[in-house]
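Before any comments, here is the structure.
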Amino acid sequence: MCPDNGILSAYLDGEIDAPWNKAIAEHLASCDLCRAVFRRLEETHRVLQSDEAPEWTEAMDRVRLNLGSRAAGVLGRFPLWKRRLPVPVPVAALVAALLLFLGVSLAFTLLRSNVGLVKITLAPAGGTEIQIAAPISNLESLLKSLGGEDMTHEDIITLPKNVRLLTSGQQLMGTEAEFLRKKK
Amino acid sequence: MSGIDYGRPPSFDEVYESLFPLIYRIALRVTGDREIAEDLCHEAFIKLMERASFLPDLEQSKYWLIRVVKNLSLNYEKKRKREKAAYTKLTHLSVGVSESSEKKLLRDETRSSVQEALDALPYSLRAPLVFREYGGLSYREIGSILGISENNVKVRVFRARERIGKALAEGDEHVS
Amino acid sequence: MRAARKKVVVPILLGLAVLQAHSQDREIDPNEALQSLLSKALTITISARVLPPDALDDQAIWNAETEKLTLPGRPIKVRLDGDNVRIYLVVTPYIQESGEILLLAQGQVWLSEPTDKEVKYSSTFYSIPVTFGEKVLFFPLGVSSEEPRSKDFFNIELEIKIVPYKESP
């Protein structure tokens, strides 16, 4: 006698206690129908699990920063990210790097806060000291990108599966107006 | 989660570092919107912070945070339904929705087929499935959060899986 | 290209305190730099649509959109990965003296057709003057003007649009 399909789903989740789980395991070994149902459930579970975890670092940083500025006393001091660069770095370049690297909202919060979360000091010897008081992941990458032109990460968009694209000719780029003119 | 001494209650930072990614993923899968998910996480951790004097272990913190996410996501869901109803009325009134405004309605992110399949489920099926698959909560915990019986959780998780399985299988075929 | 970039950077530098030898460390307020940069910031929206072979009505079967913040002279990169294709687009906007935008872009396409097992590669550089809000279309796989070759194959179209960055209210 086959168990209810919902039971199989619960079995998959480890929600069936002994001795009934053993009984189900035995039943699955001998029943093609139930095994097929179970396999489908397993596959759905697998697909759900394998779906790429969303990119969370930016969100995490933003929320953390906001939480921190809300209650600096309760949470204690921020870790301090401090770097001394041997060369003078134009403030604009540094700010641009922060802007593009962290995004506008985070850069705003950092740079505009009157708690003094970002400090840029120019040393008389010609170096630059940068202090950022905020728990932001990956500030080392920011440092690497300073001075270089390339600080943007690429966006990767996944095209729908099982859709095969075929080339119809050379790649083309132009204003919409140009293409519409050509059509006529 | 290495480096955490389980002998003492975790600090807020430890809880935040360990649980934010998980909570964010849950919030995103259940609401389908990055901005909303971030807001939800923000609210949830503020609430946790306000209880800083009593911080249970990680497992309990996780359960507690998911419970908050459920309350907030349910409110969001109800709000969305009202807005959707209002928008539908509007499209029937206007002569035609121009392409550019249509585009504005499309969310500016790529949606995986899993997220699309999840979005298609009603909240009552989506939430238990997400809490189970991405939160790893037991049926009893999910039942406690949603205010339903364990058996009801079982049925909903099963139905959600059936529907998702079907939706994903259909998505694999060529779009007609 | 390099000259254009310097034109944007130099005025900012002149506006800031010049680095001189002082006896003490000098702290600089980055807020001014932020404001100045934000006034030049740009939002680039790139949307991608996959079109069926007989796209009479322009009905896409799938679309995606990404919106990125950038500054003149800083590139935006997008990569699209498909079953048999990879498209890599780099777009760098420059603001010319006239106020018009010059879009420099490079499109790279890797495609494997079912007939040959080899992967075809193409790279093209573009230089397109545009105005804010004007739509630029990019067809990484070209546009066919004749009958569709096969029912099963789709095409892809990207649209690029640049507007000045505006703070949300």
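FYI, it's all coordinate maths here, none of it is from the lab. None of these values were measured; they are calculated from a predicted model. Backbone-built Cβ (ideal geometry, glycine too); neighbour counts: all protein chains shown.
Going from the residue with the fewest nearby Cβ atoms within 10 Å to the one with the most, B:VAL155, C:VAL143 rank C:VAL143, B:VAL155. Calculated FRET efficiency, B:ASN71 to A:ALA29, Cβ-Cβ distance, R0 = 56 Å: about 0.85 to the nearest 0.05. With neighbour counts taken as other beta-carbon atoms within 10 Å, the residues B:ARG126, B:ARG34 rank, fewest first, as B:ARG34, B:ARG126.
Once the C-beta distance of A:ALA177 and A:THR121 is scaled by a Förster radius of 45 Å, the resulting FRET efficiency is 0.35 to the nearest 0.05.
Taking the fewest neighbouring Cβ atoms within 10 Å as the starting point, the ordered list for A:ILE156, A:ILE132, B:ILE66, B:ILE36 is A:ILE156, B:ILE36, A:ILE132, B:ILE66.
In a fully extended conformation the segment linking C:SER39 and C:TRP110 would gain 21.8 nm over its present Cα-Cα distance, using 0.36 nm per residue.
Our estimate of slack between A:ALA18 and A:GLN131, defined as 0.36 nm per intervening residue step minus the Cα-Cα distance, is 34.8 nm.
Using R0 = 45 Å, the C-beta based FRET efficiency linking C:LYS166 and B:ASP13 works out to 0.80.
Each of C:GLU97 and A:GLU43 was given a label point 7 Å from its Cα along the Cα-to-Cβ line. The distance between the two points is 6.6 nm.
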